[in-house]
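This report refers to the structure that appears directly beneath it.
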Amino acid sequence: MCKTIFTYVALLFLSTNSVFATHHMSGAHNSATKIEMGKQLYNNNCASCHGANLQGADNWKSLDEDGHRKAPPLNGTGHAWHHSDEQLYQIIKYGLAKFVKNYQGKMMGFGDILSDTEITSVLAYMKSTWPKDILEKNHHMNK
């Protein structure tokens with residue numbers, strides 16, 4: 001288990017995707033319209049696992065009945081803010097299977113469902129819910 005988590009974290013930090021450069025989440029581009037679009041997309045594609053209020057699954061640090069990690073909160077109270085915008089974008093687009101060898105969890109990619117613009121809108125919505133101090137810490141990570 002620890003080896004899998006370590007591999008996941010290491011791969012996330014080592015991975016890059018030049019496509020993301022055109023989709024960076026600077027605050028200036030996160031208009032109310034983009035955030036509202038992201039909220040609708042989140043509700044349609046993410047809320048069933050991550051919760052209607054981005055709160056994550058109950059007891060999200062534990063495993064589900066299939067032995068997989070439960071969906072973490074995306075509202076700034078979990079670990080999502082520890083990841084760069086690029087990493088979050090890639091996880092949404094490609095799923096964790098791109099980063100974790102033999103991944104058999106439930107976070108599959110949405111690249112076939114959501115456009116790049118839609119993915120960045122979901123991220124804009126997520127980040128719009130984060131407390132100011134968490135948002136600032138994440139912003140410094142993205143520099």
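Observations, loosely collected:
- Per-residue 3J(HN,Hα) values for the range 70-78, derived from phi via the Karplus relation 6.51 cos²θ - 1.76 cosθ + 1.60 with θ = phi - 60°, read 7, 5, x, x, 10, 9, x, 9, x Hz in sequence order (x marks Gly and Pro).
- A simple rule links phi to the HN-Hα coupling: the Karplus curve 6.51 cos²θ - 1.76 cosθ + 1.60 with θ = phi - 60°, which for the range 129-143 gives 9, 6, x, 4, 5, 5, 4, 5, 4, 5, 4, 5, 5, 8, 6 Hz, with x for Gly and Pro.
- Relative to the current alpha-carbon distance between Ala32 and Lys61, full extension at 0.36 nm per residue lengthens the span by 7.3 nm.
- Unsatisfied cross-links (Cα-Cα over 23 Å) in the set Lys101/Lys143; Lys70/Lys101; Lys34/Lys61; Lys34/Lys93; Lys106/Lys143: Lys101/Lys143; Lys34/Lys61; Lys106/Lys143
- When you restrict to C-alpha pairs under 8 Å that are six or more residues apart and normalise by the size of the range 34-141, the relative contact order lands at 33 percent.
- For Gly95, the amide hydrogen comes within under 5 Å of the amide hydrogens of Gly109, Phe110, counting only partners 5 or more places away or on other chains and with H modelled in the peptide plane.
- If you sort the three axes of the alpha carbon gyration tensor as a ≥ b ≥ c, you get a/c under 1.5 for the range 34-141, which makes it rounded.
- Stretchable slack from Asp116 to Lys101, in nm (0.36 nm times residue separation minus alpha-carbon distance): 3.0 nm
Readers should treat all values here as calculations from the given coordinates under stated rules, not as data from a laboratory. Source: prediction; values computed, not measured.
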